[in-house]
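As structure tokens, the structure follows; a few thoughts come after it.
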Amino acid sequence: MSYKYDPKSSIADEFINDEEIKACLEYSEKNKNNVELIDQILEKARKGKGLTHKEAIVLLDCDIEEKNQEIFALAKKIKQDYYGNRIVMFAPLYLSNYCVNGCLYCPYHAKNKHIRRVKLSQDDIRREVIALQDMGHKRLALEAGEDPVNNPIEYILESIKTIYSIKHKNGAIRRVNVNIAATTHENYRKLKDAGIGTYILFQETYNKESYEKLHPTGPKHNYNYHTEAMDRAMEAGIDDVGCGVLFGLELYRYEFVGILMHAEHLEAKFGVGPHTISVPRVRRADDIDPDVFDNGISDDTFAKIVACIRIAVPYTGMIVSTRESQKSRERVLDLGISQISGGSKTSVGGYAEPEAEEEDSSQFDVSDTRTLDEVVKWLMDLGYIPSFCTACYRAGRTGDRFMALCKAGQIQNCCHPNALMTLKEYLEDYASPETRRVGEELIIKELDNIPKEAVRRKTEEYLTGIHAGERDFRF
Ligand code: SF4
Ligand code: SF4
């Protein structure tokens, strides 16, 4: 059956349309050296309102050195204009690696009999959260395999409640994002009521044929149910959704067009695109050899993808995890990344009790194994402000309210002071002496970059309050 491309449709095959993607790839191949067209696209992109998937792929494919320099420079400018030098920090928290699916690239697949299966009890979660709070984290991404018996929605909801309830010393988890399998309207409503931040679901691949091969068994095999999940989540009232593909599974050009189409679909149907886009690459893990997947991308291509996504969807946050090495993360930070994880453990229960190698329960090998304190200091040495801000979600600035503020350029007035105040909390409560020294200097310097006098004064006042022991100020 053939489907017609329609960004407003509710049918996956229509809003992620294979024919349209292939036509775009062909168009782009023909035009990748078309200087006039590339200049027109860059001209439009400079206005900062984004690009269509068809325009963005031409930039991604462009192989004229001089134009590529312009593309990278523009990505850096947009990053700077919209996100400044702030990088928001988070950590993943793995609840359970029981899973009934058969995803070929993930060690949690049901047929892997030698991986250690672990599911955290509520007491285990308490220990994990205390360990995360003691590191300084305020924002988590919950991860769990799909297993209706071991990880039913009730378990996820109870876990979220537990996480929000723990206040250890000055610590608190203020935003819980959730990355669980595609589910029903009813379950999305329950997640919304539990107070989640972003609902994250990676598409893995937008190519339906490959998708079905890579997911041979389990409920995740159903491409349409998976691809239409964000629609159900948003219909159920979840304002912020996070998309992503796993680069390396399929041809990156196909995925690139697919993810932008998905963003356009959400914008067309709900008036608001994805809150974030993640750009993971396949990594080595128990039972998984990334070399088996022959679509791996080089660091250069990875950087170009990040730059072109930044240009195409300026208002969408972009996330890079510890799957990437320090070097690779450093390269993409100024091209468009707005959030990174730090001090991550990808094993179940790994924060409270790091596991021995032979007990491996992790989803992938972490490339960047530094502690959160090391990552925070590294960011500051590079000129970034590590931010533990969670203000928008807690002030109800989600979905279209968030985007409206964003598009009006107003969000900048909150982000910068919030970054400084949450960094100050981190320095007071968790940082090593050297990190604290570097951070205090940075805060003094960055106070001058708050344009509004009144906001600057208020921020100074709040910073003094934090030093005196008060917590949780926000704009
Ligand atoms: S990717 Fe997710 S659904 Fe697939 S096996 Fe891993 S945990 Fe299960
Ligand atoms: S103010 Fe909002 S957009 Fe800015 S860093 Fe905080 S949560 Fe993010």
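Points worth noting:
- Checking ILE385, ILE411 one by one, the residue that is of a type in the set (A, V, I, L, M) and modelled with pLDDT under 95 is ILE411 and no other.
- Subset of the range 206-235 (residues that are touching a His at 6+ places or on another chain (Cβ under 9 Å) and within 18 Å of ASP294 (Cα to Cα)): TYR206, TYR211, GLU212, HIS215
- Residue match in the range 138-156 (condition: more than 23 Å from MET230 (Cα to Cα), modelled with pLDDT of 95 or more and within 20 Å of the chain's Cα centre (by Cα)): yes
- Selection count where residues are within 9 Å of ligand 1 (Cβ to nearest atom) and closer than 20 Å to VAL366 by Cβ, scope the range 97-115: 9
- For the range 216-260, the candidate set comprises residues that are of a type in the set (Gly, Ala, Ser) and in a helix (DSSP H, G or I); within that set, the residue that is surrounded by the fewest Cβ atoms within 10 Å (Cβ to Cβ) is ALA229.
- If the condition is being surrounded by fewer than 18 Cβ atoms within 10 Å (Cβ to Cβ) and hydrophobic (A, V, I, L, M, F, W, C), then the range 381-404 contributes LEU382, ALA395, ALA404.
- Test for ARG283: is it in the same structural domain as CYS103 (by TED's automatic domain parsing), under 25 Å from CYS415 (Cβ atoms), charged (D, E, K, R) and buried (at least 20 other Cβ atoms within 10 Å of the Cβ): no
- LEU427 vs. criteria buried (at least 17 other Cβ atoms within 10 Å of the Cβ), without any contact (Cβ under 8 Å) to a residue 40 or more places away in the chain, outside the structural domain of LYS192 (by TED's automatic domain parsing) and of a type outside the set (D, E, K, R): yes
- Filter result (within 14 Å of ligand 2 (Cβ to nearest atom), assigned to a helix (DSSP H, G or I) and among the β-branched types (Val, Ile, Thr)) within the range 399-450: THR422
- Subset of the range 125-152 [of a type outside the set (Gly, Ala, Ser) and within 16 Å of ligand 1 (Cβ to nearest atom)]: LEU142, GLU143, GLU146, ASP147, PRO148, VAL149, ASN150, ASN151, PRO152
- The range 164-185 - residue that is in contact (Cβ under 8 Å) with a residue 40 or more places away in the chain and basic (Lys, Arg) and, of those, nearest to ligand 2 (Cβ to nearest atom): ARG175
The values are calculated or read from the model by the stated rules, or taken from the named source; none is laboratory data. Source: prediction; values computed, not measured. Ideal geometry is used to build each Cβ from the backbone, glycine not excepted, and the neighbour counts take in all protein chains shown.
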